[in-house]
Structure formats: C-alpha cells, structure tokens
Amino acid sequence: MALELTTERMRQGARVARRAAGPPAAGGAGAAGLAAARLILESPTIAARTRPHVSDGAVDWPALLAETATLSGGEGVLVRVAHDLVAPGGEAGGWEVAYRLGPGSFERVITALRLARGEVARATDGQAGAV
C-alpha cells in the first residue's frame, strides 16, 4: 500500500514538472516529439501523402505543410498537430482535434501526445505501448 502511494506521488510529481516546463522550444522537441509526430504522419489516412516528405531522421515540414492545402480538413489537422509536436507554434487548435478528426485519427493523436510526454514507448511495429 505504501509503495503504491509513493509510486503515485512520483507520477504526480513528474506530471507537474512536465506542465511547469511547458512546451519545448521551437525545434527542441527531441526524439520523443519527432517519434510522436511520425506516429501521426504514418496514420493510414495520410501515410501515402506524407511518406514522400518523411525520411529516417527528418521531415520536410515546409513541403508537408504546403501539402495540407490539398488534404481534407481532418487530414490537414493531423499534419498540423504533428508539426506542433516538434515546432510548437499553435498551428493546430484543440477544437480541430476534438471535432474534425474521426475516431481512429483522434485515438492516434492521443497516443502520439502520450508518446511525446514519455508516457508510452514506440514499438518497432510503429505502434505505441505502455512504458
């Protein structure tokens, strides 16, 4: 019982520290932010359109953001959320995530956010699992 309380307090402390730190500086999201962005960009609904702009270690954001002009509203939201995870700038509104995404895309974004926060780890199959 005491161990469970201590573990929960440690988790709460980590959450508070993350919130206090705020979002990473532009370009400073690191590996977790890039992994989270890639998880979103590999969504089956947009993968064919985003794949040409994604390489092993980099994303051609200017070209990918330009591509959003030809994507559906929900597909564009996915790209903007992914970009916001690596270069915070407010391109994606919370309302868009809540109301424009279908159930599968919404869940993928939530998983990517957990990945960026370090709450889950990305498996080799592209999925995310508990840390």
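The values are calculated or read from the model by the stated rules, or taken from the named source; none is laboratory data. From a predicted model like this one, the values you see are computed outputs, not experimental measurements. Neighbour counts run over all protein chains shown; Cβ positions are idealised from the backbone, glycine included.
Worth a mention:
- Screening the range 25-89 for helices (runs of 4 or more DSSP H) wholly inside it with 1 or more residues that are among the small types (Gly, Ala, Ser), at negative phi and more than 15 Å from the chain's Cα centre (by Cα) returns the ranges 47-50, 61-67, 73-86.
- The number of residues in the range 28-74 being surrounded by fewer than 11 Cβ atoms within 10 Å (Cβ to Cβ), of a type in the set (A, V, I, L, M, F, W, C) and under 16 Å from Pro88 (Cα atoms) comes to 1.
- Scanning the range 89-115 for residues that are small (Gly, Ala, Ser) and at pLDDT 90 or above yields Gly102, Gly104, Ser105, Ala112.
- Of all residues in the range 102-123, those being buried (at least 18 other Cβ atoms within 10 Å of the Cβ) and either under 11 Å from the mean Cα position of the chain (by Cα) or closer than 16 Å to Val81 by Cβ (or both) number 7.
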